[in-house]
1. With 18 Å as the limit, write out which pairs from K256/K388; K256/K287; K324/K371; K312/K371; K324/K393 have Cα-Cα distances beyond it, or answer none.
2. Tell me the Kirkwood hydrodynamic radius of the stretch 245-397 in angstroms, computed as one over the mean inverse distance between distinct C-alpha pairs.
3. Using 7 Å Cα-to-Cβ label points, what is the D316/N277 separation (nm, one decimal)?
4. By count of other Cβ within 10 Å, fewest leading, how are T321, T335, T282 ordered?
5. Less than 12 Å apart at the alpha-carbon level, and either on another chain or at least 8 residues along: which aspartates and glutamates does that give for K370?
6. Excluding Q262 itself, calculate the net charge of residues whose Cβ lies under 13 Å from the Cβ of Q262, where each Lys or Arg counts +1 and each Asp or Glu counts -1.
Amino acid sequence: MQTTRTIPSNEMERLSSLFELDLDYTSLDNTFKDLSFLAAKITGTEISLISFIDSYTQWIISRFGLDVYQTPIDDTICQFTLMEEDHLEIEDLSKDARFTEKGFIDEPMNLKYYLGIPLKSSNGLNIGSLCVLDKQHHKLSEEKIDQLKIIARQVICRINDSNAIKTLEKQLNNQNDTYKKVAHDIRGPIAGIVGLADMISSDKENYPSNELHDIVGMMGKSGQSVLDLADEILKSSLKTVVRSNEFFSLSIFKEKLEKLYQPQAFNKQIKLDIQANIAFDTIQIKKDKLLQISGNLISNAIKFTPNGGDIKVSLDLILETDKKTLLLEVQDNGTGMNEEAINEILKGTAESSDGTIGEKGYGFGLPCVKKLLSDLHGEMSIESVLGKGTHFKVRIPHI
């Protein structure tokens, strides 16, 4: 049985805010490990998770007490946190009708308690969650909920800090005023981390754990690393700096897609075959929005491919004198679509439909791809036959 959340009227804007962050979900754990640990210790719960949520998947970027990295959105509790302005607390999951048929309330997980705080984008839209869970019943005080909100804000601050640094690097040439201002702004959010650490250090009665003292030190080091990076950028003001993690090769692109989407394919016994042209493996391509574009297409293919089906993904390049163009193809042997449906997708007017095992389609994944491609001056074509499958072809120039 699928749990269906109510879709807000601003869902497209919510997803656009998430994709604008251009997150690589495979490389964020160390960035937030101290915050997920701290959330569990402050609340006295066994589990804490930091997640971002798109139209298909809850991507768990940091975790404490539970080794899970992604969950289909319809099987999550955090999907309902997205609908909250402040927080969502459920004292007994087994008595909530939304979760009575979910495996996480039974053995071996036997979860009872949940509290989620929405992660808000800079324009106030809920794009993820910080949550804590336990096998025991709890009722958190307002003070502890407020402390979780501070941690949630720090998650977004760190994301924004990283993006601010990226912006700095793109504007280094003859833009001293711009990057000095941003570097100054980076220091502001760090004060929140220091303030939270001071609060914990001074309250030995409520927080006697030596682990918390260790985590305070970790938080200080995290803050200092951001400041050091800002200082390094300022010292390089007359140079053009290119960060290696803003580019990758086709083989690294392939590895990231396999890590992100093989688990989804495995859940439906789908064979996901991702191939990259190794002849171009020394060529670096800009990562800008590529994981979001390819990820939405692959998730959509998984959704509409029956159990035991096949999905093929191809990554290639066209090299010309003054530019290179990425070729991305995603082909499945799923339900397919008619000409009218193809035209609606290409026009951005497609409506939602359910997947092959009841996965809810909210009609936003493919329109998001169209928007992202438009921003990158890319194009997409679709070939499909009802009952036989669909073939998406994407070209992105000047990457």
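1. On the way: K256/K388 28 Å; K256/K287 11 Å; K324/K371 21 Å; K312/K371 23 Å; K324/K393 16 Å.
Cα-Cα > 18 Å for K256/K388; K324/K371; K312/K371; rest within.
2. 15.8
3. If labels sit at D316 and N277, their model points lie 0.6 nm apart.
4. Neighbour counts put them in this order, fewest first: T321, T282, T335.
5. Once the sequence-local aspartates and glutamates are set aside, what remains near K370 is E344, E379.
6. Once all neighbours under 13 Å are counted, the net charge is +2.
Just so you know, all these numbers are worked out from the coordinates, no wet-lab data involved. The structure displayed is predicted, hence computed values, not measured ones. Ideal geometry is used to build each Cβ from the backbone, glycine not excepted, and the neighbour counts take in all protein chains shown.
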